[in-house]
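The values are calculated or read from the model by the stated rules, or taken from the named source; none is laboratory data. The structure presented is a predicted model; accordingly, all values stated were derived computationally and were not measured. Cβ: placed from backbone, ideal geometry, glycine included. Neighbour counts: every protein chain shown.
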Amino acid sequence: MEPYTRHVLICTGGFCSNERGGRALYSQLAMLLRREGLLFGPRRVKRSEAPCLGVCDGGPVMAVYPEGVWYGAVTPALLDRIVVEHLRDGKPVEEAIFHRLPL
Ligand code: FES
């Protein structure tokens with residue numbers, strides 16, 4: 001497997017968002033990562049979809065590691081911000097974080 005700098009998990013389940021909004025976000029994420037040069041190469045971000053991340057409310061939910069930052073109510077516009085500000089520039093979108101692992 002190629003090395004990667006971050007891992008993004010997106011819930012595509014139906015309990016945290018009414019219309020399984022995570023599925024569209026997962027597709028959008030690939031396009032955004034490609035646009036920002038993060039889909040391949042030395043700054044590669046790995047993406048995975050999960051049927052449930054154990055939150056089941058306030059979604060779509062996504063998590064970014066190694067920071068252990070969890071975002072809720074992710075919209076397409078917010079996902080764009082997360083990719084640019086967090087994944088590309090390294091600055092999490094603080095106002096959208098609902099949980100952070102103690103590191
Ligand atoms: S269904 Fe999304 S966190 Fe459980």
Can you find a residue that is buried (at least 21 other Cβ atoms within 10 Å of the Cβ), modelled with pLDDT of 95 or more, within 11 Å of the chain's Cα centre (by Cα) and not hydroxyl-bearing (Ser, Thr, Tyr) anywhere in the stretch 48-56? no
Selection within the stretch 62-81 - closer than 15 Å to HIS7 by Cα and not in a strand (DSSP E or B): PRO66, GLU67, GLY68, LEU79
Output the number of residues of the stretch 57-69 satisfying the condition of being near the ligand (Cβ under 10 Å from one of its atoms) and more than 19 Å from LEU33 (Cβ to Cβ). 3
Of all the residues that make up the stretch 87-103, how many are assigned to a helix (DSSP H, G or I) and over 17 Å from VAL55 (Cβ atoms)? 4
In the stretch 65-78, anything under 23 Å from PRO42 (Cβ atoms) and buried (at least 20 other Cβ atoms within 10 Å of the Cβ) is listed as VAL69
Checked the stretch 1-47 for anything assigned to a loop (DSSP other than H, G, I, E, B), surrounded by 13 or more Cβ atoms within 10 Å (Cβ to Cβ) and within 12 Å of the ligand (Cβ to nearest atom); matches are THR12, GLY13, GLY14, PHE15, CYS16, SER17, ARG20, GLY21
Among (1) of a type outside the set (Asp, Glu); (2) over 11 Å from the mean Cα position of the chain (by Cα); (3) outside any helix (DSSP H, G or I), VAL84 falls short only on (3)
Failed item in (1) touching a residue at least 12 places away in the same chain (Cβ under 8 Å); (2) within 16 Å of the ligand (Cβ to nearest atom); (3) assigned to a loop (DSSP other than H, G, I, E, B), with GLY54 passing the rest: (1)
